[in-house]
Amino acid sequence: QVQLVESGGGLVRAGGSLRLSCAASTQSFTCNGMGWYRQAPGKERELVARIPAGGSTEYADFVRGRFTISRGSAENTVSLEMNSLKPEDTAVYYCDAHCWKVVNVEGARIERHFWGRGTRVTVSS
């Protein structure tokens with residue numbers, strides 16, 4: 001199992017900044033791909049940004065140029081630097097980790113996505 005803990009959410013004014021952090025704790029999994037999603041009240045969860053295990057960093061159109069995602073130096077960590085925040089950025093932000101582990105001597109692997117409980121971001125006008 002993998003446990004993800006997010007931090008950094010809070011209440012900020014429009015135009016302000018926040019840095020979200022996520023750490024995935026696991027004894028047997030390796031998490032090579034990590035990202036951030038968000039869910040606003042009454043809306044479905046949507047991708048904010050992600051760093052796939054074997055691909056380029058991806059950003060949603062509504063955050064490109066304002067948010068920056070990066071992997072931390074510590075294993076299984078990811079951060080989201082959010083600048084020029086807007087009221088429409090108000091949402092619960094969730095950390096996602098794509099993780100795997102070897103399950104037999106042939107090297108077969110299982111892969112799973114794990115989610116954090118979320119951290120709330122509120123941007124006031």
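The values are calculated or read from the model by the stated rules, or taken from the named source; none is laboratory data. All of these numbers come straight from a predicted model, not from anything done at the bench. Cβ placement follows ideal geometry from the backbone for every residue including glycine, while neighbour counts extend to all protein chains displayed. Surface areas here come from the heavy atoms of the whole protein model, side chains and all, with no ligands, DNA or RNA. Shrake-Rupley method; radii C 1.70, N 1.55, O 1.52, S 1.80 Å.
Every residue in the range 38-49 that is assigned to a loop (DSSP other than H, G, I, E, B), open to solvent by 40 Å² or more (accessible area, probe 1.4 Å) and not acidic (Asp, Glu), please.
Step one: of the range 38-49, the residues assigned to a loop (DSSP other than H, G, I, E, B) are 40-45.
Then keep just the ones that are open to solvent by 40 Å² or more (accessible area, probe 1.4 Å); that gives 41-45.
Result: Pro41, Gly42, Lys43, Arg45.
Selection of the range 97-121 for residues being open to solvent by 50 Å² or more (accessible area, probe 1.4 Å), more than 20 Å from Gly54 (Cα to Cα) and in contact with a strand residue (DSSP E or B) (Cβ under 8 Å, 6 or more places away or on another chain) yields Val103, Arg117, Arg120.
Of note, Tyr59 does not satisfy the criterion of being modelled with pLDDT of 95 or more, closer than 20 Å to Val5 by Cβ, among the hydroxyl-bearing types (Ser, Thr, Tyr) and in contact with a Gly (Cβ under 9 Å, 6 or more places away or on another chain).
Note on the range 21-37: residues that are surrounded by fewer than 12 Cβ atoms within 10 Å (Cβ to Cβ) and among the aliphatic types (A, V, I, L, M) total 0. Residues in the range 41-62 that are within 15 Å of the chain's Cα centre (by Cα) and within 18 Å of Thr122 (Cα to Cα): Arg45, Glu46, Leu47, Val48.
The set of residues from the range 63-96 being open to solvent by less than 40 Å² (accessible area, probe 1.4 Å), modelled with pLDDT of 95 or more, within 14 Å of the chain's Cα centre (by Cα) and more than 15 Å from Ser7 (Cα to Cα) comprises just one member, Phe67.
So is Ser84 hydroxyl-bearing (Ser, Thr, Tyr), touching a residue at least 60 places away in the same chain (Cβ under 8 Å) and closer than 17 Å to Arg13 by Cβ or not? Considered against the rule, which asks whether it is hydroxyl-bearing (Ser, Thr, Tyr), touching a residue at least 60 places away in the same chain (Cβ under 8 Å) and closer than 17 Å to Arg13 by Cβ, Ser84 comes out as yes. Only residues in the range 21-33 that are touching a residue at least 60 places away in the same chain (Cβ under 8 Å) count as the first member; pair them with residues that are among the small types (Gly, Ala, Ser) and open to solvent by 20 Å² or more (accessible area, probe 1.4 Å), Cβ under 7 angstrom, at least 6 apart or cross-chain, and list the lot. So the pair list comes out as Asn32/Ala53; Gly33/Ala53.
Here Gly107 does not qualify as modelled with pLDDT of 95 or more and at positive phi. Ala60 meets each of the listed conditions (1) touching an Asp or Glu at 6+ places or on another chain (Cβ under 8 Å); (2) open to solvent by 20 Å² or more (accessible area, probe 1.4 Å); (3) over 19 Å from Cys99 (Cβ atoms); (4) among the aliphatic types (A, V, I, L, M) apart from (2). Within the range 1-37, the residues that satisfy the criterion of being part of a loop (DSSP other than H, G, I, E, B), among the hydroxyl-bearing types (Ser, Thr, Tyr) and farther than 13 Å from Ser79 by Cβ are Thr26, Ser28.
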